[in-house]
Ligand SMILES: [Fe+2]
């Protein structure tokens, strides 16, 4: 398809939705799930990118830790897309839609030490978890079934972030990357701390 020809599917106004919800409520939840779907698709791709680009002494631990996370996130993607369809919407699953509509930057670390990727991944997980929690709060009244799905995702996403953070944590319980607010900075700090 020619660049610029891409059009977003008109999923805002479903012709029907699940029983017990109005079409307007369905539309609101579909819209809310649109970016959750993009965020999860982005996360699955980013985790594979790290799986392929991690180097250094902890290569195999991090390389192998990430594939089960990818599998789990891919299951979340499928469930989110199918929830959108169930609500009468059209899930948007193309890379063009993701890049056009996402509100965050692309993952910024290329080939790098395991600890640098872990510092950056911690921030990636913080972003998606924060936004998922906001969606949980927003769906509290309107759709507890979607809310339940998002809570289920969070149970795993927060666990996976702990797996990442455990590599950055000191025996005293502090994170080496605590003050870093960008992926590149978190990566640099994590490497410096690991060398101490
Ligand atoms: Fe692989």
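Between residue 71 and residue 138, what FRET efficiency comes out of the Förster formula 1/(1 + (r/R0)^6) with R0 = 22 Å and r the beta carbon distance, rounded to 0.05?
Numbers: r = 28 Å, r/R0 = 1.26.
The formula returns an efficiency of 0.20 here.
Between residue 78 and residue 152, what length comes free when the chain is fully extended (0.36 nm per residue of separation minus the Cα-Cα distance, one decimal in nm)?
On the way: separation 74, 0.36 × 74 = 26.64 nm, distance 1.35 nm.
Extra length from residue 78 to residue 152 when fully extended: 25.3 nm.
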Extension length gain for residue 126 and residue 90 (0.36 nm per residue less Cα distance), in nm, is 10.2 nm
Going by average Cβ density within 10 Å per residue, which order do the peptides 152-159, 186-193 take, highest to lowest?
186-193, 152-159
Two-site FRET efficiency, residue 185 against residue 45, from Cβ-Cβ distance with R₀ of 22 Å, rounded to 0.05:
0.50
In whole angstrom, note down how far apart the Cα centers of the stretch 96-145 and the stretch 180-196 are.
19
With viscosity set to 1.306 mPa s at 10 °C, what whole-number translational diffusion coefficient in µm²/s follows for the stretch 23-195 from Stokes-Einstein and a Kirkwood radius over Cα pairs?
95
Computed from the mean reciprocal separation of all distinct C-alpha pairs, what Kirkwood hydrodynamic radius does the stretch 111-186 have, in Å?
13.5
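Calculate, for residue 162 and residue 55, the FRET efficiency according to 1/(1 + (r/R0)^6) with r their C-beta to C-beta distance and R0 30 Å; round to the nearest 0.05. Don't jump to the answer; show the numbers that get you there.
Working: r = 24 Å, r/R0 = 0.79.
Efficiency at R0 = 30 Å is approximately 0.80.
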Convex hull volume per residue for the stretch 55-134, taking Cα atoms only, in Å³
113
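Normalised by the residues of the chain, what does the relative contact order come to in percent, with Cα pairs under 8 Å and at least six apart? All intermediate terms of the calculation are to be shown ahead of the outcome.
On the way: 235 pairs, mean separation 47.5, N = 196.
Result for the chain is 24 percent.
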Going from the fewest other Cβ atoms within 10 Å to the most, one would list 182, 177, 17 as 182, 17, 177
For the chain, the longest principal axis of the Cα atoms and the Cα long axis of helix 183-195 enclose an angle in degrees, to the nearest 10, of 30
Angle between the chain longest axis and helix 114-138 axis [Cα atoms, degrees, rounded to 10]:
30
With an 8 Å Cα cut-off and a minimum separation of 6 or more residues, compute the relative contact order for the stretch 89-196 in percent.
39
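Read-outs: derived from the displayed coordinates by stated rules, not from any lab. What you are looking at is a predicted structure, and each value in this text was computed from that prediction instead of being measured. For neighbour counting, all protein chains shown are included, and Cβ atoms are generated from backbone atoms with ideal geometry for every residue, glycine included.
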